[in-house]
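Dropping the structure in here first, questions after.
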Amino acid sequence: MYYLKGTDYWECISTPSAEVVAAYPSGTIEVAKRPSEDYDYTDGAWVKNTTREQARLYAELRMERNTRLQYDVDPIVSNALRWNELSSSKKTEWQTYRSELLDLPANTPDPSNITWPTKPS
């Protein structure tokens, strides 16, 4: 069992090694609170799990992209009356914006530093 310092939370992370059992015969170890879900407790310290962090950031990117598609693009592109009122250059701008959004996250090497396409005015 592991006690998270500053809380009343106990968590069994794994079966303790013989060394841990010898050092802590009561079976408990006091550790600092987990900084975020992106961390794992390894070798007596919280270590950032960069794979999990990257997956979370890419998931957040996709959610934001989908929101922009739903609320920015779809009301224009999916509405025949609004779409027909646009000039050909504006239609091209909206098509380009939509394509650039759909290219995310494939063209984003670092999900913590996203370059979002510019929404047409």
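The values are calculated or read from the model by the stated rules, or taken from the named source; none is laboratory data. Please read these numbers as outputs of a predicted model, since none were measured by experiment. Note: ideal-geometry Cβ built from the backbone for every residue, glycine included; neighbour counts use all protein chains shown. Areas reflect the complete protein model, heavy atoms only, side chains present, ligands, DNA and RNA absent. Shrake-Rupley method; radii C 1.70, N 1.55, O 1.52, S 1.80 Å.
Condition test on Thr51, is it among the hydroxyl-bearing types (Ser, Thr, Tyr) and at pLDDT 85 or above?
So Thr51 passes the test.
So, in region 58-117, of the ones that are of a type in the set (Gly, Ala, Ser) and within 30 Å of Asp38 (Cβ to Cβ), which residue ends up most open to solvent (accessible area, probe 1.4 Å)?
Here the residue is Ala106.
Also: Quick check on my filter: what residues within region 30-55 are open to solvent by 80 Å² or more (accessible area, probe 1.4 Å), in contact (Cβ under 8 Å) with a residue 24 or more places away in the chain and not acidic (Asp, Glu)?
If the condition is that a residue be open to solvent by 80 Å² or more (accessible area, probe 1.4 Å), in contact (Cβ under 8 Å) with a residue 24 or more places away in the chain and not acidic (Asp, Glu), then Lys33 is the only one that fits.
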